[in-house]
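What follows is calculated from the coordinates using simple rules that are stated; it is not laboratory data. Because the structure is predicted, anything quoted here is derived from the model rather than measured. FYI the Cβ positions are ideal-geometry reconstructions off the backbone, even for glycines, and counts take in every protein chain you see.
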Amino acid sequence: MVDHARAARLAKRITTIVASAIGSEIKDPRLAHVTITDCRVTGDLHDATVFYTVMGESVDAEPDVAGAAAGLAAATGALRSKVGAGTGVRFTPSLRFELDTVPDATRAMDELLARARAQDELVARTAEEAKPAGDSDPYRHGDDSSGDDSNGDGPSAVPAVELGGEEPSPGEDRRG
């Protein structure tokens with residue numbers, strides 16, 4: 001039976017142990033700019049996927065993702081030993097490291113939202129300066145003497161058309 005709460009607690013503990021081990025105990029220079037972001041543990045608690053991001057050495061520098069992946073692969077055994085000692089579970093889960101794509105997707109989404117905001121501001125500025133194509137009030141009013149009606153009576157001036165024959169008496173049905 002799968003206990004999701006236990007798997008979530010174990011994942012959180014693995015995240016903490018791996019992050020602290022990379023930061024203080026493992027002295028691989030390839031892991032200097034690695035940040036552990038999340039961990040997912042399978043329901044049987046035998047496999048753990050650890051998600052990480054890599055920062056560049058400076059703001060403008062590209063991160064060394066391949067070097068970080070190689071450093072994590074080399075340190076997997078030591079990290080698994082530390083996880084086993086730190087969690088106290090019967091079976092220490094195997095660790096698999098995967099590059100976290102959420103920050104990149106977030107950055108791309110933020111850029112799209114910024115572009116949309118800029119476009120909205122441009123449309124708003126254009127709308128402020130715009131003027132209506134016709135009159136400011138496009139509707140006809142009763143005091144308006146211009147129009148198609150020569151006598152100004154409007155629709156009531158149209159003569160009624162008889163459909164044929166006599167008018168039916170008040171109680172008679174016309175549909176026949």
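Multiply the residue separation of Arg115 and Asp135 by 0.36 nm, subtract the distance between their alpha-carbon atoms, and state the gained length in nm to one decimal. Walk me through the numbers on the way to the answer.
Values: separation 20, 0.36 × 20 = 7.20 nm, distance 3.45 nm.
Full extension from Arg115 to Asp135 adds 3.8 nm.
What relative contact order, as a whole-number percentage, does segment 4-100 give when Cα pairs under 8 Å and 6 or more residues apart are counted?
Values: 142 pairs, mean separation 30.5, N = 97.
Here the relative contact order equals 31 percent.
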### Query
If R0 is 41 Å, what FRET efficiency do you get for Val65 and Asp44 from their C-beta distance, rounded to 0.05?
0.85
### Query
Order of Asp64, Asp137 from fewest to most other C-beta atoms within 10 Å?
Asp137, Asp64
### Task
Excluding residues on the same chain fewer than 8 positions from Lys82, give the lysines whose Cα lies under 30 Å from its Cα.
Lys12, Lys27
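Nearest 20 debye, what's the magnitude of the dipole of segment 4-100 about its Cα centre given +1 on Lys and Arg Cβ and -1 on Asp and Glu Cβ? Present the calculation step by step, with values, prior to reporting the outcome.
Numbers: 11 positive and 11 negative charges, 148 e Å.
In total the dipole reaches around 700 debye.
Around Arg40, what is the net charge, scoring Lys/Arg as +1 and Asp/Glu as -1 over all other residues with Cβ under 10 Å from its Cβ? Mind showing how you got there, number by number?
Details: positive: Arg96; negative: Asp38, Asp47, Glu98.
Counting the neighbours of Arg40, the net charge comes to -2.
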### Message
If each residue of separation counts as 0.36 nm, what is the full-extension length gain between Lys12 and Val89 once their alpha-carbon separation is subtracted?
### Response
26.3 nm
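Can you give the % of DSSP beta bridges in segment 4-100 that are antiparallel, to the nearest 5? Intermediate values should be presented prior to the final figure.
Numbers: 7 of 13 bridges.
Within segment 4-100, antiparallel bridges account for around 55 percent of the total.
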### Query
Could you put Lys12, Lys82, Lys27 in order, starting from the residue whose Cβ has the fewest other Cβ atoms within 10 Å?
Lys27, Lys12, Lys82
